[in-house]
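Following: one structure in structure tokens, then a few remarks.
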Amino acid sequence: MNLTYKRAAIEDIDILTKTRIEVLRAANKLSDDIDMSEVERQSCNYYEKALCDGTHIAYLIFDANCFVGTGGVSFFQVMPTYHNPSGKRAYIMNMYIRPAYRRRGIAYKTLDRLVCDIKCKGITSISLEATAMGRPLYEKYGFVKMNDEMELPE
């Protein structure tokens with residue numbers, strides 16, 4: 001393996017958007033016949049804005065010229081709290097490694113790059129949603145399950 005970790009730039013929107021749809025299909029067990037055109041369009045719009053204004057960072061991983069995977073983080077602001085006086089938060093998302101490259105430490109290295117970038121911005125509040133497959137990776141890195149967060153379903 002000859003892996004390269006590339007920080008995504010505006011010219012990478014097509015691969016980021018395509019991979020986002022792959023991730024959503026895999027995570028939600030969606031077949032290829034489910035229409036994702038609106039999600040794809042909105043994802044492209046999101047990347048166009050967020051990559052330029054710094055509210056999103058992503059890494060693309062390649063083995064020579066072959067795309068292997070990706071990981072990203074979105075930055076956002078909430079009201080300051082006792083535990084997070086700045087109110088700045090980071091949400092890790094879109095972690096995906098192609099099946100043939102899994103179990104080789106690539107996701108861990110990608111996660112580490114993202115966490116380092118987050119900490120360089122002085123952000124200490126970092127969260128993510130974990131699939132059953134991803135949970136062991138995040139636990140190994142030090143993430144813990146949250147008990148107090150709730151969600152209002154659609």
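Assorted remarks:
Each row is one residue, and each column tells you yes or no for (1) surrounded by 15 or more Cβ atoms within 10 Å (Cβ to Cβ); (2) more than 20 Å from ALA58 (Cβ to Cβ).
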site	(1), (2)
ALA90	yes, no
ASP112	no, no
THR124	no, yes
TYR138	yes, no
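- When PHE75 is tested against the conditions (1) assigned to a strand (DSSP E or B); (2) of a type in the set (A, V, I, L, M, F, W, C); (3) under 14 Å from the mean Cα position of the chain (by Cα); (4) within 21 Å of THR131 (Cβ to Cβ), the lone failure is (4).
- Filter result for ALA26 (among the aliphatic types (A, V, I, L, M) and modelled with pLDDT of 95 or more): no
- Some residue of region 81-104 being more than 12 Å from the chain's Cα centre (by Cα), touching a residue at least 12 places away in the same chain (Cβ under 8 Å) and part of a helix (DSSP H, G or I): yes
- MET133 fulfils the conditions (1) without any contact (Cβ under 8 Å) to a residue 24 or more places away in the chain; (2) under 19 Å from ILE10 (Cβ atoms) except for a single criterion, (2).
- The numbered conditions (1) of a type outside the set (Asp, Glu); (2) in a helix (DSSP H, G or I); (3) more than 28 Å from ALA132 (Cβ to Cβ) are all true for LYS18 except (3).
The values are calculated or read from the model by the stated rules, or taken from the named source; none is laboratory data. Since the model is a prediction, treat every value here as computed from it, not as a measurement. Using ideal geometry, Cβ is built from the backbone for each residue, glycine included, and neighbour counts are taken over all protein chains shown.
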